[in-house]
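As structure tokens, the structure follows; a few thoughts come after it.
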Amino acid sequence: MARSEWGIGLVGLGGIAQQHLEGYRRRGLNVIGGADINPEQAAATQERFHLSVVTQDYKTLIDHPDVRVVDINVPHTALETRLPVVEYAARQKKAIFIQKPLMSYLDWAKQLVEAAEKQGVPMMVNQNSVFAPGFLVAEQYLRDPEIMGRIYYCQIENRAWVDIGPERWYAKDKRWVHADMAIHHFALVRHWFGDVDSVYAILDRDASQQHVTGDALGVVTVRFKSGVQAVLINNWCYRGNKARPHSGEEVVIQGEKGCITCNAQDVHIKLANGQELMPEVSGSWFPDAFGTAMAHFVDALDAGQSFHCEARDNLKSVAMIEATYLSAMNNRVVHLDEILES
Ligand SMILES: NC(=O)c1ccc[n+]([C@@H]2O[C@H](COP(=O)([O-])OP(=O)(O)OC[C@H]3O[C@@H](n4cnc5c(N)ncnc54)[C@H](O)[C@@H]3O)[C@@H](O)[C@H]2O)c1
């Protein structure tokens, strides 16, 4: 079956859905339409992307016979916003593609996974960091032992000042940057380095960002079962003029034979013998990673194969969110098994 036969319906046509639609357009994916409870948002998106089907009722969209993949882009901060959409799509036997974070709390995320599994429908979490062009290129090198040797360390750093107004629902969540943003890095390093053993975190915020309720700054150290160690820095209250804002975070991966320094658009490799590699990267995180992620899902569904960022597996990334907040609150190392087995 062709990709074009996997009709996509988007539930939630807000900020990030615009990036999805642009990414899907570039990939030639088949968008049937969208639903949004905000009629102005729905109308503006319909006009911009010439969508044939647009409704305020997600059930009408999901019921459309040509919609086979439901792309869920409603906020993740309340279970009652996402769970009914997942349950309805699952009951209608539609495949589900859902924005990261699956939920900011593990017990909520488990309810979404169980709703999809109960109906036997596949669900992929749109962890688009895994599909960002520079990270896809870097992955080819980091998986090559001839290039990297034994990998022992990874560092990701994101720093910028974010002006958050009162209209921003996400910054009002008690769990902000490490549920909403660091989840990009949690999923990425899990994809690269496998299961996590333990996490130790410090979190903070700058009180002058008056519309931020939760954490806006954090350093999370991660030990993987494979022996790799990582430091993940998300600093969204950096006033300096050397910012590295998302989606330009810098990633460093060190192996005994090679060192990769990259971001979503640029990759540099320095080998122990002094040789330097600068492979070409085409595209950018926004919007290309969104088109690539959906194309990956549709192709896997079409071929009846497994896919990256499957929702039950993604619970281990959500568990890193839990471990981060627990570690910072209690000032102690938190083992992932403690979270996953509770
Ligand atoms: N890089 C990324 O992957 C990335 C970037 C930004 C946001 N996100 C995620 O995407 C999600 C949405 O974020 P956003 O920035 O687009 O938010 P947003 O507020 O701009 O858009 C959300 C939209 O959902 C609509 N909505 C809410 N409930 C609905 C319902 N029951 N039916 C139909 N529509 C409904 C709202 O009216 C709104 O237009 C969040 O979970 C966020 O974390 C991911």
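The values are calculated or read from the model by the stated rules, or taken from the named source; none is laboratory data. None of these values were measured; they are calculated from a predicted model. No Cβ is skipped: glycine too gets one built from the backbone with ideal geometry, and neighbour counts run over all protein chains shown. Side chains are part of the model used for accessible areas, which takes the heavy atoms of the whole protein and leaves out ligands, DNA and RNA. Shrake-Rupley method; radii C 1.70, N 1.55, O 1.52, S 1.80 Å.
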Assuming 0.36 nm per residue, please report the length gained on full extension of the stretch V231 to L83 beyond their Cα-Cα distance. 50.0 nm
What does the accessible area per residue of the chain come to in Å², with a 1.4 Å probe and no ligands, DNA or RNA counted? 43
Magnitude of the charge dipole, region 1-44, Cβ model with Lys/Arg +1 and Asp/Glu -1, debye to 20: 260
Low-density loop positions, trypsin sites (Lys or Arg not before Pro), region 145-186 - DSSP coil, at most 15 other Cβ in 10 Å: R150, R168, K174
Tell me, what HN-Hα J-couplings in whole Hz come from the Karplus equation 6.51 cos²θ - 1.76 cosθ + 1.60 at θ = phi - 60° for each residue of region 298-311, using x for Gly and Pro? 4, 5, 5, 4, 4, 8, x, 10, 6, 9, 5, 6, 4, 4
My understanding is that a pair violates if its Cα-Cα distance is over 18 Å; which of K110/K316; K94/K118; K93/K118; K59/K110 do that in this structure? K59/K110
For an R0 of 25 angstrom, estimate the FRET efficiency from the Cβ-Cβ distance between L277 and A2 and round to the nearest 0.05. 0.10
Hey, what do the phi angles of region 223-235 turn into as Karplus ³J(HN,Hα) couplings, whole Hz, using 6.51/-1.76/1.60 and θ = phi - 60°, x for Gly and Pro? 10, 8, 4, 6, x, 5, 10, 9, 10, 10, 10, 10, 10
Using a probe of 1.4 angstrom, how much of the accessible area of the chain is carbon and sulfur, in percent? 48
Principal-axis tilt of helix 79-91 within the chain, Cα atoms, nearest 10 degrees: 60
Using the alpha-carbon centroid of each, what span in Å lies between region 267-325 and region 1-69? 23
Name the GluC sites (Glu not before Pro) in region 255-342 that are in a loop by DSSP and that have at most 12 other C-beta atoms within 10 Å, would you? E256, E280, E341
How about region 198-268: which chymotrypsin sites (Phe, Trp or Tyr not before Pro) there are in a DSSP loop, with at most 13 other Cβ atoms within 10 Å of their Cβ? none
Counting just the Cα atoms, what span does the chain cover along each of its three principal axes? Round to the nearest Å and put the largest first. 57, 44, 42
Explain nothing, just compute: Karplus ³J(HN,Hα) = 6.51 cos²θ - 1.76 cosθ + 1.60, θ = phi - 60°, for every residue of region 144-155 in order, whole Hz, x for Gly and Pro. 9, x, 5, 7, 9, x, 6, 7, 10, 8, 9, 9
Name the most mobile residue of V222, V162, V177, meaning the one with the largest mean-square fluctuation, in a Gaussian network model of the chain with Cα contacts below 10 Å. V162
So for region 227-342, considering every pair of alpha-carbon atoms, how many percent are separated by more than 23 Å? 56
If I model a spin label at D66 and E47 as a point 7 Å from the Cα along the Cα→Cβ vector, what separation in nanometres do I get? 2.3
Rounded to the nearest 0.05, what FRET efficiency is calculated for A303 and N330 with R0 set to 41 Å and r the Cβ-Cβ distance? 0.35
Hull surface over four for the Cα convex hull of region 106-174, reported in nm², is 8.7
With +1 on each Lys and Arg Cβ and -1 on each Asp and Glu Cβ, and nothing else charged, work out how big the dipole of region 1-108 is about its Cα centre, in Debye to the nearest 20. 420
